[in-house]
C-alpha cells in the first residue's frame, strides 16, 4: 500500500489575528511553536537519509550515526513505519536453530512509498527517468531532438510527452507519480519555480514549474542541472562518502553545486549559480568572465561557419567532434582548449579557496577536449591554489551519463518528499 505523502495544510495565521500582534510577540510565539517542529523535521530527515545510505540498518546503529537518543529514533522510525515509508525486516529468518537471542529488526526504505520523474533538458536532447522512493530507476527514455530556442509551449509539449511516455514505460499512470523535477541549464530559482535565464528558452523569467504542474496535474519543480548532478553524485556516485563537496559542470553553461552538511547551498529563492559569470579579471575590452574563456561558445566559436564541424555544433555535438579534431592536431582547437583549461583551473582555485572542500568533481562535455584541456587545467590550478590548502581538495573528473543527470533531478524530488510534513513531524509553516 502506497504511503500518503501530503499532510493537511496549516491554518492561515491571519485567522488567528497573528498579524495584529506586535512584531516581538509574534516572533516569540513563532519561535516557541516552530523550533520543536523544525527539529522534528530535521531529525526525521536525518533518520530517513541514514536508512537510505545504509540500505538496511538497525535502530541502535541509526542512533549511533545520527547521535539521536534511542528513544527519539524509536519514535521517528515508528512514525515512518506507520506512514509506510520504511519497512521492518527480521534479520536471520533462516537462523540456525541453535542460535540464541531475539533476531535483530532491520529497517530499510519502502521502494513503493513514492514514484518520481527526473529529467535532464539539454539543447539537443531530453532524458527522462522514473524512480522509486530509493532513487532506483524503473524506466528511462531519451529523445534526441533540438530543444533550444523553440517557443515555450512547444518545449512544454515535448517535455510533457516525454514524461508521460516514460511513466507508461514504467507500467504506471501519471496519477501514480508523486512529483516531477526538471533539470535545466542556466539560472533557476528552485523555491519559486522560476527559470531566470536558460539557453533552452528564448524568454527570461519563465515560471516553468507552474506551467508543467498545470499540464501534468502533478507537482513539478525545476532545478539547475548542476545541482541535480551534484545530488546524483552524493547519492550514487563519486561523493557517496561525503557530506561536503563541490561539483563544477562544464556543459553548454558552466554550473556550480556546493554541498555542505549533506545539503545543497542555494541562494535567495533557492537560486542556482551561474559559474560562467565569475569574473577572472579586466582586459582592454572590459570584464573577463569565465564563460568568455571556457564556455562552449568560446571554445568552438572560432571554427568555420560551414562544413561538418559547423553542422555538429548546430546539432549540439560540437564537443564530441572537437575531440576528433584535437586528436588530428587542429591547432586552433588545441589553443582554445588550453585557454579554457587555464581559465577553469583558476576558477577552481578560487572556489577551493572559498570553500576548502575535500573533493571537487568536474563533469560535462568539455572533458571530451582531452589532454590539452585537462593538463592546462591542472597546471593552472596548481599555480593558483594557495600553498596552505594545496593538499585539501581532490580533483575528480567524471564522464557522467545523461541518465545520471536525470536521476539527480529525481533525487531533488525525493529529497523534497523526505522533508515533506508527513504527520506531525513536518516543518512549521512560514509566516
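The values are calculated or read from the model by the stated rules, or taken from the named source; none is laboratory data. Not measured: the values here are computed from a predicted model. So basically every Cβ, Gly included, is an ideal-geometry build from the backbone, and we count neighbours across all protein chains shown.
Here are the numbers for the structure shown:
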| read-out | value |
| --- | --- |
| Meets criteria (in a helix (DSSP H, G or I) and in contact with a strand residue (DSSP E or B) (Cβ under 6 Å, 6 or more places away or on another chain)) for residue 162 | yes |
| Residues of the range 325-348 that turn out to be free of Cβ contacts under 8 Å to residues at least 60 places away in the same chain and farther than 25 Å from residue 405 by Cα, as a count | 15 |
| 1 or more residues exposed (fewer than 15 other Cβ atoms within 10 Å of the Cβ) and outside the structural domain of residue 206 (by TED's automatic domain parsing): qualifying strands (runs of 3 or more DSSP E) within the range 235-299 | 254-260, 279-283, 286-289 |
| The one condition in (1) at pLDDT below 95; (2) in contact with a strand residue (DSSP E or B) (Cβ under 8 Å, 6 or more places away or on another chain) that residue 149 fails to fulfil | (2) |
